[in-house]
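Novice: Below you'll find the structure I mean.
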Amino acid sequence: MSNDAKVKIEWGAGKTAGKAAGNTIPAVGFGSYLATEKNGKQTIKDALVAGYRYVDTASFYRNEEEIGEAVEEAGLNREELFICSKVWPGDLGRERTLASFEESLKKLKTDYLDMYLIHWPKDNRSDDKWIDKVRESWALMEELCDEGRIRFIGLSNFLPHHIRPLLETARIRPVIDQLELHVGYMQEYTLSYLREEGIIPQAWSPLGRARILGSEIVTKIAEKYGVSNAQLLLRYLIQREIPVIPKASSVERMKQNLDVFGFSISEDDMSFLSCLPEQGWSGEHPDL
Ligand SMILES: NC(=O)c1ccc[n+]([C@@H]2O[C@H](COP(=O)([O-])OP(=O)(O)OC[C@H]3O[C@@H](n4cnc5c(N)ncnc54)[C@H](OP(=O)(O)O)[C@@H]3O)[C@@H](O)[C@H]2O)c1
């Protein structure tokens, strides 16, 4: 991978089949959760000018309108962009997911999504019928793929025991599982399951939403490579072939987070960073 936001990580190997075969996604995308609270669409415009071509959003973030406007005003061709949105678990089931999808498209001012994810497997954690709703939504998402209204479909916050029952009935396999992944919270069991199944793990909160940015250990290793703590944390994930979607408010930080291809972390430091005690976890879990 080189120093380019448009660098793609290839999938299509292993068991991934159907429409996903042989396609790519950008290694670094822009995370938009809480990104527009202060400056609205300007932050998204800044991110596009800084070089981001992948924007991660969700109906839950309530910023799809600002993103749609920013993209329109940036004057970029739609095909240059990779836009991902997500359906909230309260909107699972065929009709509700379809309505939420149409709403997302309208707000984003587009007629297709590059990727659409199920945000969490369950709305109510004690709901023992959750898989029925997930399967219904998934079947609809497969149809939307067939119609060319979504390019790729995937999951978010699904653990192996949520994915297995979906794979029993899925016609199109999920391309991605977007999970909380960062130094201090690497969910290794889930990662190896995803690798076996040919599903790409993508990291949300790759900087641990700043909770691990100030860690002394991270600072010491980052100094050794002459990079910022954020760059070290992002590079760690990219070296593990995990695409990242950091959120940042200033143009300087946005650019810094894209500039993670000019150095390489040694095997020993990768090992050390992989074996740290758990830290920086958000406390969010799909079942608990
Ligand atoms: N699927 C899901 O359930 C889920 C859940 C959470 C998040 N996400 C997605 O993942 C994206 C990223 O996660 P996140 O926003 O939670 O956290 P994050 O990207 O790990 O961290 C963002 C925090 O790090 C700071 N930061 C960013 N770049 C920095 C730099 N170079 N130097 C110093 N500080 C820096 C930001 O500060 P400033 O903003 O002040 O610059 C912000 O406080 C979200 O925006 C969202 O798109 C998905």
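The values are calculated or read from the model by the stated rules, or taken from the named source; none is laboratory data. This structure is a prediction, so every number in the text was calculated from the model and none was measured. The accessibility values were calculated without ligands, DNA or RNA, using every heavy atom of the protein model including side chains. Shrake-Rupley method; radii C 1.70, N 1.55, O 1.52, S 1.80 Å.
Novice: Structure shown: which of K45/K86; K224/K255; K106/K255; K122/K255; K41/K129; K38/K106 lie over 32 Å apart, alpha-carbon to alpha-carbon? Each step should come with its number before you reach the end.
Specialist: Values: K45/K86 21 Å; K224/K255 21 Å; K106/K255 29 Å; K122/K255 35 Å; K41/K129 38 Å; K38/K106 23 Å.
Correct reply: K122/K255; K41/K129.
Novice: In addition: Please identify, among K109, K86, K41, the residue showing maximal mean-square fluctuation in a Gaussian network model of the chain using a 10 angstrom Cα cutoff.
Specialist: Its mean-square fluctuation being the largest, the pick is K109.
Novice: Let me ask something additional. Express in Å², to the nearest 10, the accessible area of T169 obtained by rolling a 1.4 Å probe over the protein heavy atoms while all chains stay in place.
Specialist: Rounded to the nearest 10, the figure is 80 Å².
Novice: Return the inverse of the average 1/r over all pairs of distinct C-alpha atoms in the range 143-288, which is the Kirkwood hydrodynamic radius, in Å to one decimal.
Specialist: Working: mean 1/r = 0.0609 Å⁻¹.
After inverting the mean inverse Cα-Cα distance, the result is 16.4 Å.
Novice: Using modelled backbone amide H atoms (1.01 Å from N, in-plane), which distant-in-sequence or interchain residues come within less than 5 Å of Y54's amide H?
Specialist: Close amide H contacts, sequence-distant or interchain: F30, F82.
Novice: Which three semi-axes in whole Å describe the equivalent ellipsoid of the range 118-158, each the square root of 5 times a Cα gyration tensor eigenvalue, listed largest first?
Specialist: On the way: eigenvalues 99, 23, 6 Å².
Semi-axes, largest first: 22, 11, 5 Å.
Novice: Which value, in Å to one decimal place, does the Kirkwood hydrodynamic radius take for the chain when every pair of different Cα atoms is included? Display every interim value, and only then the final one.
Specialist: Working: mean 1/r = 0.0522 Å⁻¹.
Radius from the Kirkwood sum: 19.2 Å.
Novice: A further question on this structure: How big, in percent, is the set of alpha carbon pairs in the range 25-81 lying more than 14 Å apart? Before the final figure, lay out the partial values.
Specialist: On the way: 749 of 1596 pairs.
Cα-Cα pairs of the range 25-81 separated by over 14 Å account for 47 percent.
Novice: Here is a follow-up. Taking only the alpha-carbon positions of the range 70-164 and ignoring solvent, what does the Debye formula give for the base-10 log of I(q)/I(0) at q = 0.21 Å⁻¹?
Specialist: So the normalised log intensities are -1.01.
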